[in-house]
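The values are calculated or read from the model by the stated rules, or taken from the named source; none is laboratory data. Since the model is a prediction, treat every value here as computed from it, not as a measurement. Ideal geometry is used to build each Cβ from the backbone, glycine not excepted, and the neighbour counts take in all protein chains shown. For the accessible areas, the whole protein counts, side chains as well, though only heavy atoms, and no ligand, DNA or RNA atoms are used. Shrake-Rupley method; radii C 1.70, N 1.55, O 1.52, S 1.80 Å.
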Amino acid sequence: MCQNIETDGKKKVLSCIQPSGMLTLGNYLGALKNWVGMQEEFDCTYAVADLHSITVRQEPAKLRGQIYSTFALLLALGIDTQKSTVFIQSHVPEHAQLSWLLSCYTQFGEMSRMTQFKDKSAKHADNVNVGLFAYPVLMAADILLYKPDLVPVGADQKQHLEIARDIALRFNRIYGDVFTVPEAYIPKTGARVMSLQDPSRKMSKSDENINAWVAILDSKDDIIRKFKRAVTDSDSCVRMSDEKPGISNLITIYSAVTGKTAAEVEREFDGKGYGAFKLAVGEAVADELAPIKRRYEEIIADKKALEALYREGAERAEKVARKTYFKAMKKVGFVL
Ligand code: TRP
C-alpha cells in the first residue's frame, strides 16, 4: 500500500549512495546527515545505487549484505519513509532502461573526459568494462527520471551531474520539454572529513589503515581509540589553520557534530592540550553515532519489515520513473 507524501510546493531533491562497504563518518557528516535534514524542506527521493556497484567486481553474498545494510542504515539515520521515497535502484527497472536511451544521446568523447573514469580505469586496469565507462549515463538516468530541482553531490560527483544536465538539455532541445535540468545542491553545512592518519587525504573506507577512518557503525571503544591515535602536530594549540591539517580536521568534525563554530571550539579547548581535545571529539562522535547504531541493529534484525519498506519505496519510485521514461520513449518514436 502506498502512502501519499505531502509534496505541495516543495522543491524536489534526489540523491543516491552506492552500497559499497561500510559507510564512514565522512559519508555521514559530508552527505547523509544533510539528507536527513533536507526532508523537512524538500520532497526527497533517495536510492541505494546498487547497479553502480558492479562496475567493479563484487562478491555476490557480500554485495547482497551491503545492499541490505545500506538501506537499513539510511532508515537508522533518520530517513523517514513517511516523508521521503527510499528505494533500491535495481528494483526500478526504468533506471537501466532510460540509461540505454540516454547513452544514445551521449558522446563517446564526453564520457572519455570524466576524471573518475580515468582514475578508476587506472586503478582497475584488468577490468575496464563498458559499464564503468557508461556509469555517468546511468547516474543521469537516476536523476532525470525523478525530475529533481536539486541534487546534493560531493565534489567528486560534480562532473557527473554536469553531464546529466548536458544530456537533459540536449534531449530537450530535440524533443521539447521532457526532463528537468537539475542544479547541484551544496548544503550550508557539510563537512569535508579527512583521514585521521593522513589529513591531506579524504577519509575513505578503502584506506588500508583502519585507524584512518571511522565507520558509522563502529563501537564506542573503537571510535575513541581511533580519535586518540589521530595524527596531529607537535604544537599543542587547538586552532584552525592550514599548517595544522590534523587539528583542523578534528575541529571540523567536532563542529559538525556539536553545532559549535570553529571559534567556539578553539575557545573551549584553549590551553587544554591535544589529549583532552581528541578524547572530547571521540566522545562527541561516539555519542552521536550510538543511537544510529542501536536503531540500525533493530532494523536489520527484522528482514520482513525491511523488505516491506523497500518494496513500498520501489513501488512509489516507479510510479514517477515510469511516467518520465514513457514520455521520453514516446518522443523518440517508440510504439508504446
Ligand atoms: N555516483 C554516486 C557516487 O558514487 C552515486 C550516485 C548514483 C548518485 N546515482 C546518483 C548520486 C544520482 C547522485 C545522484 O557517489
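Some observations on this one:
- Projected label distance in nm at THR115 and LYS220, using a 7 Å step from Cα toward the beta-carbon: 4.1
- Inter-probe distance in nm under a simple model that places probes 7 Å from Cα toward Cβ, at ASP80 and ARG57: 4.5
- With viscosity 1.002 mPa s and temperature 20 °C, the Kirkwood radius over alpha carbon pairs of region 10-111 converts through Stokes-Einstein to a diffusion coefficient of 144 µm²/s.
- By the Stokes-Einstein formula, at 1.306 mPa s and 10 °C, region 127-285 with its Kirkwood radius over alpha-carbon pairs has D equal to 87 µm²/s.
- Springs join every pair of Cα atoms under 10 Å in this Gaussian network model of the chain, and among TRP100, TRP35, TRP213 the largest mean-square fluctuation is at TRP100.
- Dimensionless Rg/Rh of region 162-212 - Kirkwood Rh, Rg from C-alpha atoms: 1.32
- Within straight-line reach of LYS10, meaning a Cα separation under 17 Å, sit the following aspartates and glutamates at least 8 residues removed in sequence or on another chain: GLU40, GLU41, ASP43, ASP80, ASP149, GLU183.
- Fraction of accessible area attributable to carbon and sulfur, the chain (%, probe 1.4 Å): 52
- Each listed q (0.10, 0.22, 0.24, 0.25 Å⁻¹) maps to a log10 I(q)/I(0) for region 245-336, found by the Debye formula over equal Cα scatterers with no solvent: -0.58, -1.03, -1.13, -1.17.
- Beta bridges by DSSP in the chain, antiparallel share as percent, to the nearest 5: 10
- Relative contact order (percent, whole number), the chain, Cα cutoff 8 Å, 6+ residue spacing: 23
- Compared with the alpha-carbon gap, the fully stretched path from GLU315 to ASP177 is longer by 47.1 nm at 0.36 nm per residue.
- Average accessible area per residue (Å²) across the chain - probe 1.4 Å, nucleic acids and ligands excluded: 49
- For LYS118, the aspartates and glutamates whose Cα comes closer than 14 Å to its Cα, not counting residues fewer than 8 places off in the same chain, are GLU110, ASP126, ASP156.
- Flagged links, alpha-carbon separation over 22 Å, of LYS158/LYS330; LYS220/LYS304; LYS62/LYS147; LYS33/LYS220: LYS158/LYS330; LYS220/LYS304; LYS62/LYS147
- Trypsin sites (Lys or Arg not before Pro) lying in DSSP loop within region 20-76, provided at most 14 other Cβ fall within 10 Å: ARG57
- Förster radius 25 Å - calculated FRET efficiency between ARG322 and GLU208 (Cβ-Cβ, nearest 0.05): 0.05
- Cα convex hull volume per residue for region 48-101 (Å³): 85
- Rg ratio (alpha-carbon, reference 2.2 N^0.38 Å) - the chain: 1.05
- If R0 is taken as 51 Å, the Cβ-Cβ distance between ALA276 and ASN129 corresponds to a FRET efficiency of 0.55.
- Rg followed by Dmax, in Å, when region 69-205 is reduced to its Cα trace: 16.7, 52
- Here the sum of -39500 (n - 2.57) over DSSP H runs of 4 or more residues, divided by the residues of the chain, equals -17000 deg cm²/dmol at 222 nm, to the nearest 500.
- Residue of ALA155, ALA290, ALA184 that the Gaussian network model of the chain assigns the largest fluctuation, springs spanning Cα pairs under 10 Å: ALA155
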